[in-house]
1. Below 8 Å, C-alpha to C-alpha, sequence gap of six or more: please give me the relative contact order for the chain in percent.
2. Please report the orientation-averaged projected area of the range 14-64, defined via the convex hull of its C-alpha atoms, in nm².
3. Accessible area of the range 1-87 with a 1.4 Å probe: how many percent of it is carbon plus sulfur?
4. Of the heavy-atom accessible surface of the range 116-166 (probe 1.4 angstrom), what whole percent is carbon and sulfur?
5. Work out the P(r) tail for the range 43-107: percent of alpha carbon pairs separated by more than 20 Å, whole number.
6. Amide H to amide H under 5 Å from residue 35: which residues, 5+ apart in sequence or cross-chain, H placed 1.01 Å off N in plane?
7. Which residue, 102, 80, 36, tops the fluctuation ranking in a GNM of the chain built on C-alpha contacts under 10 Å?
8. Per residue of the range 112-127, what does 6.51 cos²θ - 1.76 cosθ + 1.60 with θ = phi - 60° give for ³J(HN,Hα)? Whole Hz please, x for Gly and Pro, Karplus curve as stated.
Amino acid sequence: MRDMAEYQKNPTFSLEYKFDGLTIVVEYENGRYISATTRGNGEVGEVVTEQVRTIKSVPLSIPFKGKLIVRGEGMMTKHAFKKYNKTASEPLKNPRNGVAGAIRNLDPRETARRMLDYFSYDILFAEGENFKSQEEMHNFLKANNFLTGDYFKVVKTAREAEAEIEKVD
């Protein structure tokens, strides 16, 4: 990120939607998906590599060849939720619980049945990269075939941010 003095002279605000699903961290080495974990208790997460492998929006290979660790949200869209519930022996109560249950179960086939998505929004580590802004990070994610939210905007003042939030709201 930019140093504090530069930021104070030329602040920017990155605006994007907040996703409410299940936080999942995915890891890549040499352009290949190698593992996934949940946030767990904040210090130790659950290993969910095989379950996350079934999510079609998690790329199994990417152009970037260094070590990469990405944070995002596992999501179940309303469409996937309704479709799943039509044939489920035990209907889900809501999409958020649907994604949490799908990722934490031991059967990757059940995870796949729930038709989850993964929206990336943060890079925890990218070997050899030094992102100076959230916008650079966002563009890197898109360039490496990660699904990101369909709304991302950078503004220069708090007033612009407030106006944009009002518009989106």
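1. Here the relative contact order equals 30 percent.
2. 4.8
3. Accessible surface attributable to carbon and sulfur in the range 1-87 totals 52 percent.
4. 47
5. Above the 20 Å cut-off, the range 43-107 has 38 percent of its Cα pairs.
6. Here the answer is 27, since their amide H atoms fall under 5 Å of that of residue 35.
7. 80
8. Once θ is set to phi - 60°, the couplings for the range 112-127 become 4, 4, 8, 6, 7, 10, 9, 10, 8, 9, 8, 10, 7, 7, 9, 3 Hz.
The values are calculated or read from the model by the stated rules, or taken from the named source; none is laboratory data. In this text the structure is predicted, and so the values were computed from the model without any measurement. Note that we place each Cβ from the backbone using ideal geometry, even for glycine, and neighbour counts take in every protein chain shown. Heavy atoms of the whole protein, side chains included, go into the accessibility calculation; ligands, DNA and RNA do not. Shrake-Rupley method; radii C 1.70, N 1.55, O 1.52, S 1.80 Å.
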